[in-house]
Amino acid sequence: MKYAFLSLCLLLTTSAGFAQETKRLTADKHNEYGLVFSLPQTHLDLEVVATKTTRKAGPYYQYAEKYLGIPGAITQDSEEWSLTSVKVNPYGVPDPDEEYLMQFKAGSNGYIVLDENGLLLSINTEPAVDSIAPTAPKVKTKSPLDNNDYAKVYSEELLMSASTAKMAEVAAKQLYRIRESRLNLVTGEVDELPADGESFKLVIQQLDEQEAALTALFMGTTQTETVVKHIDYLPIAESTNEVVFRISDLYGVVSADNLSGAPIYLTLKITEEGQLPVDNKGNVKKMPKNAVPYAIPGKAEVTLTDGKKTLFKGEVPVAQFGVIFGLDPSLFTDKKAPSCVTFYPQTGAIRQLGK
């Protein structure tokens, strides 16, 4: 049985080859008018977004319902992870078994454009650039309970209270005074309003921050952040319910062999195999002499589930499930009207062929 290659990595700006650098190679005397390139092997980038939720209990949580009349205060600190989304994007990696030499005629001025890894992107023209923006992680939201940040709103009376119960009582009274002050400002029931609109916004903002800090002392806080990881998957053959990664309540996205997490399964089914082109009579066309190779990829349906719910389902092109054919090299070496062609870097298939 063939197994797909898997690797787990942190999000990088060059992840999955989406940040593409190119290089142009021109046929001339120093390379004897021969240019080397590779066709791709299709990999799948599994972009996994997971959300971490951190709950913190306030020091006066046991008095929340008594003084604020609000049930449901967080009573203990906790952390948990959940899977937010999974996307699948194909991309090309040079296939060591598909390296070729393209021979130009002397004086033809032909050239090819490769990506930074040597994949063929175009001949005699600039390549088309596909831009796939990776999902950016979201930083952890702030909490008034971080580093005892709430202490900056403590009044002298609260600091001098002799017990936790008394501190909770004073904090609740301070909270109600802040709410009353804000209401009076909004309704204009104060002796003197702020000088201008910006000053008014600043005062309201400060009151909101003080209220949030005091409320957190009773109700606690919930913070969220997202982490983005990329898993490299090389499809070699059909696969059913293959564990590709796991989601752990403690550690988030972990590798397939880390049993601390619940498994995420991948099923891959070949839906179309690439076929060699045929002529009008239905006979397979003959490969041109010294042909410039390109891929006719197949297709596969990829499904990701947690065992109950489908997380992703879609069809992707895959070079490995196709065949290699070739273009007549004379198309590109004609000194008067050379042809040009662009390719899909994910599969090595022809994107556009013309003059």
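The values are calculated or read from the model by the stated rules, or taken from the named source; none is laboratory data. This is a predicted model, so every value here is computed, not measured. Methodologically, a virtual Cβ is constructed for each residue, glycine included, from the backbone with ideal geometry; neighbour enumeration extends over all protein chains shown.
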Problem - Selected residue (only one of 155, 163 is touching a helix residue (DSSP H, G or I) at 6+ places or on another chain (Cβ under 6 Å), surrounded by fewer than 18 Cβ atoms within 10 Å (Cβ to Cβ) and either farther than 30 Å from residue 330 by Cβ or aromatic (Phe, Trp, Tyr) (or both)) - result: 155
Handout entry: Pairs, first farther than 14 Å from residue 235 by Cα in the stretch 305-323, second of a type in the set (Ser, Thr, Tyr) and not in a strand (DSSP E or B), C-beta under 8 Å, six or more apart
Key = none
Completion exercise
Those residues of the stretch 263-305 which are outside any strand (DSSP E or B) and surrounded by 15 or more Cβ atoms within 10 Å (Cβ to Cβ) amount to 274, 291
Handout entry: Per-region count, the stretch 123-152, residues closer than 30 Å to residue 38 by Cβ, at pLDDT 85 or above and surrounded by 15 or more Cβ atoms within 10 Å (Cβ to Cβ)
Key = 5
Practice task
Identify the residue in the stretch 160-174 that is at pLDDT 90 or above and hydroxyl-bearing (Ser, Thr, Tyr) and, among all such residues, is nearest to residue 216 (Cα to Cα).
Solution key: 164
Practice task
Could you please let me know if residue 314 is within 38 Å of the chain's Cα centre (by Cα) and closer than 15 Å to residue 267 by Cβ?
Solution key: yes
Practice task
Output the residues belonging to the stretch 55-75 that are in contact with a strand residue (DSSP E or B) (Cβ under 8 Å, 6 or more places away or on another chain) and either closer than 17 Å to residue 211 by Cβ or free of Cβ contacts under 8 Å to residues at least 40 places away in the same chain (or both).
Solution key: 58
Practice task
Scan the stretch 93-115 and report the pairs whose first residue is closer than 13 Å to residue 320 by Cα and whose second residue is of a type outside the set (Ser, Thr, Tyr) and surrounded by fewer than 13 Cβ atoms within 10 Å (Cβ to Cβ), with Cβ atoms within less than 9 Å and a gap of 6+ or a chain change.
Solution key: none
